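Undergrad: Just passing along the structure, written as structure tokens.
The values are calculated or read from the model by the stated rules, or taken from the named source; none is laboratory data. None of these values were measured; they are calculated from a predicted model. Cβ placement follows ideal geometry from the backbone for every residue including glycine, while neighbour counts extend to all protein chains displayed. These area figures cover heavy atoms from the full protein model, side chains too; ligands, DNA and RNA do not enter into them. Shrake-Rupley method; radii C 1.70, N 1.55, O 1.52, S 1.80 Å.
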Amino acid sequence: DDCYLPELVNEDPHDLARHAKLSASDEMPSAPASNILSGTTRRIDGNSHQWCAPMNTGNPPWLRLDWEHTVSVEGIQITFDSNFNVEKKMTMSSRRQSQQVLGIPKELIRDYELVFYNNGRIVATHQIKGNYQRLNRIRLAPIECDAIQINILKTNGDPQAKIFEVRVY
């Protein structure tokens, strides 16, 4: 449920993403696609543990998982960046309240699309619009596929698409 337990990482043997080949439309040198399989869902000790790509290239950035064989997918879990670097405090102090960043973090992915492929053909799509949560769990009727592409359509204002983790079940 997105609780951080220091020094524990995702090693779930049922997570199909851990066995996928990753590719991306673009990536930052310090935030490659392979980071989504690091097992850590936040920045720690200077390591980003996320995939990051620019939003302003003219085409939506995407992250793709490919398997050697067909897999049956019933659920996907994606952890987005909600900027834990911003200090948040509950306070009655008007001075402190004026320093708080209000609303949905601009770093969160707002709109995205899941595209499922089998033998190079699209077999299903699923679109999410208006997301405001860091942890997204999508339940699906079983889909037989050999690839999933996540197309990032819009953030809440950040010029970069950012994903910490993708799990597939």
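Undergrad: Here is a check on your reading of the model: is I109 in contact (Cβ under 8 Å) with a residue 40 or more places away in the chain, closer than 21 Å to P6 by Cα and either basic (K, R) or surrounded by 13 or more Cβ atoms within 10 Å (Cβ to Cβ) (or both)?
TA: no
Undergrad: Looking for something closer than 18 Å to G157 by Cα and not in a loop (DSSP other than H, G, I, E, B) - is there at least one such residue anywhere in the stretch 54-70?
TA: Within the stretch 54-70, the subset closer than 18 Å to G157 by Cα is 54-62.
Keeping just the survivors that are not in a loop (DSSP other than H, G, I, E, B) gives 54, 62.
Yes - at least one qualifying residue is present in the stretch 54-70.
Undergrad: Of everything in the stretch 112-127, what is open to solvent by 90 Å² or more (accessible area, probe 1.4 Å) and either touching a Lys or Arg at 6+ places or on another chain (Cβ under 9 Å) or over 17 Å from L63 (Cβ atoms) (or both)? Give them in sequence order.
TA: If the condition is that a residue be open to solvent by 90 Å² or more (accessible area, probe 1.4 Å) and either touching a Lys or Arg at 6+ places or on another chain (Cβ under 9 Å) or over 17 Å from L63 (Cβ atoms) (or both), then N119, R121 are the ones that fit.
Undergrad: What pairs come out if I take residues in the stretch 58-80 that are open to solvent by less than 40 Å² (accessible area, probe 1.4 Å) and pair them with residues that are of a type in the set (S, T, N, Q) and at pLDDT 95 or above whose C-beta lies under 6 Å away, six or more apart or interchain?
TA: Within 6 Å, the pairs are P61/S25; I78/N136.
Undergrad: Now for a different question. Restricting attention to the stretch 157-169, and to residues there that are under 11 Å from I76 (Cα atoms) and assigned to a strand (DSSP E or B), which single residue is most open to solvent (accessible area, probe 1.4 Å)?
TA: Of everything passing the filter in the stretch 157-169, R167 is most open to solvent (accessible area, probe 1.4 Å).
Undergrad: Pairs please, first residue from the stretch 12-32 and more than 15 Å from L63 (Cα to Cα), second anywhere and at pLDDT 95 or above and part of a helix (DSSP H, G or I), Cβ atoms under 8 Å, 6+ apart in sequence or on different chains.
TA: Going by the 8 Å Cβ cut-off, the qualifying pairs are D12/R18.
Undergrad: Let me ask something additional. Looking at this structure, is W51 over 17 Å from V9 (Cβ atoms) and touching a residue at least 12 places away in the same chain (Cβ under 8 Å)?
TA: Judged against the criteria, W51 is not a match.
Undergrad: Another question, then. Could you grab me the full set of residues in the stretch 128-138 that are open to solvent by 30 Å² or more (accessible area, probe 1.4 Å) and more than 16 Å from A161 (Cα to Cα)?
TA: Matches in the stretch 128-138: R137 only.
Undergrad: I104 - would you say it is open to solvent by 20 Å² or more (accessible area, probe 1.4 Å), of a type in the set (V, I, T) and either modelled with pLDDT under 95 or within 18 Å of K21 (Cβ to Cβ) (or both)?
TA: For I104, the condition - open to solvent by 20 Å² or more (accessible area, probe 1.4 Å), of a type in the set (V, I, T) and either modelled with pLDDT under 95 or within 18 Å of K21 (Cβ to Cβ) (or both) - is met.
Undergrad: What number of residues within the stretch 107-156 satisfy the criterion of being within 22 Å of D26 (Cα to Cα), under 12 Å from the mean Cα position of the chain (by Cα) and in a strand (DSSP E or B)?
TA: Looking only at that region, the number is 11.
Undergrad: Now for a different question. Hey, could you check the stretch 13-53 for residues that are part of a loop (DSSP other than H, G, I, E, B) and under 17 Å from I152 (Cα atoms) and say which is most open to solvent (accessible area, probe 1.4 Å)?
TA: This residue is E27.
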